[in-house]
Amino acid sequence: MSVADESIAVAGLVNSQKLACTSHLLTRKGAEIRVRVHSIPGRDGGQALIFGDIGRFPAPLVRIHSRCLYGDALHSDDCDCGPELDQAMDMIQRADAGVLLYLEQEGRGAGLEVKAEGLRLTQTEGRNTFDAYRALGFDPDYREFDTAARFLTDQLGLRSVSLLTNNPDKVHALRRGDITVTRVPLITEPRSHWAREYMEAKRIHRGHRLPPFSFRRIGRKIEQTCFTLGVVATAVAIYWAPRELAVLAFITLVATAATWHPARTSIRLRLRAWRRQLTQRPHNAPTPVI
Ligand SMILES: [Zn+2]
């Protein structure tokens, strides 16, 4: 698809010419995806990144992400912002299309300094992140997502989206803006004690749709047990059964492991990148101009 075709695919866009001028390829985890960029005006504005041809989907993937310097840029283990953004981008890349609205709402809209003060209270007094904000005289969450909803309808012409989020406030904001929302959960594993506490606080105090960690532990146990049984069954099959059956058992085991192994997304994206390298035009081919 040419750049011109892609700009047309973004129905209702006010400044499609400007958007088309930003169109370029972005390489991530070894795979390329076309992206266009647009600034979002307003108090909590930021940047809209439109990946691929979202016009192909009746409800394209959308991630509304609030800026988190620690999680997004420094890859801090103490919150789930970075892993959520990473997982959302993996899903957009797999679909080859989607929208990322990256909003300037650091520290839930209170800024990095307040966030840092809150973290200090969390670590010294054991307060959860929302109580820490209250103790400092701030609201737990200053963010609003109505601007993002307006951008999706007025600038991108979207009336139906698959929203990558666990946050009910984002879902409600888009529905208030007359957008049909199908919520797509983002389930990440906490990488530190602090991240686990943060995610539990979001679940308990703000109604985020996250499974309790007790359930997660049970789920992981079931996965590990199934995998162990698979290994044993394969060993038995190799010893006792005909060779064809043993090969079949081994393939089933590998396929099962591939569905939950953490490296699966990276492997899939790399395979896609290799396939594209074989089938697509060279990178230095001239970019179409409209
Ligand atoms: Zn964060």
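The values are calculated or read from the model by the stated rules, or taken from the named source; none is laboratory data. Note that the structure is a prediction, hence the values are computed from the model and not measured. Keep in mind that these areas ignore ligands, DNA and RNA; they rest on the heavy atoms of the full protein, side chains included. Shrake-Rupley method; radii C 1.70, N 1.55, O 1.52, S 1.80 Å.
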Next on the checklist: Between the stretch 189-212 and the stretch 105-173, how far is it from one alpha carbon centroid to the other, in angstrom?
Outcome noted: 14
Item to check | Other-chain or far-sequence residues with amide H under 5 Å of residue 40's (modelled H) | outcome: 46, 47, 48
Next on the checklist: What figure, in Å² to the nearest 10, do you get for the accessible area of residue 256 with a 1.4 Å probe and non-protein molecules left out?
Outcome noted: 70
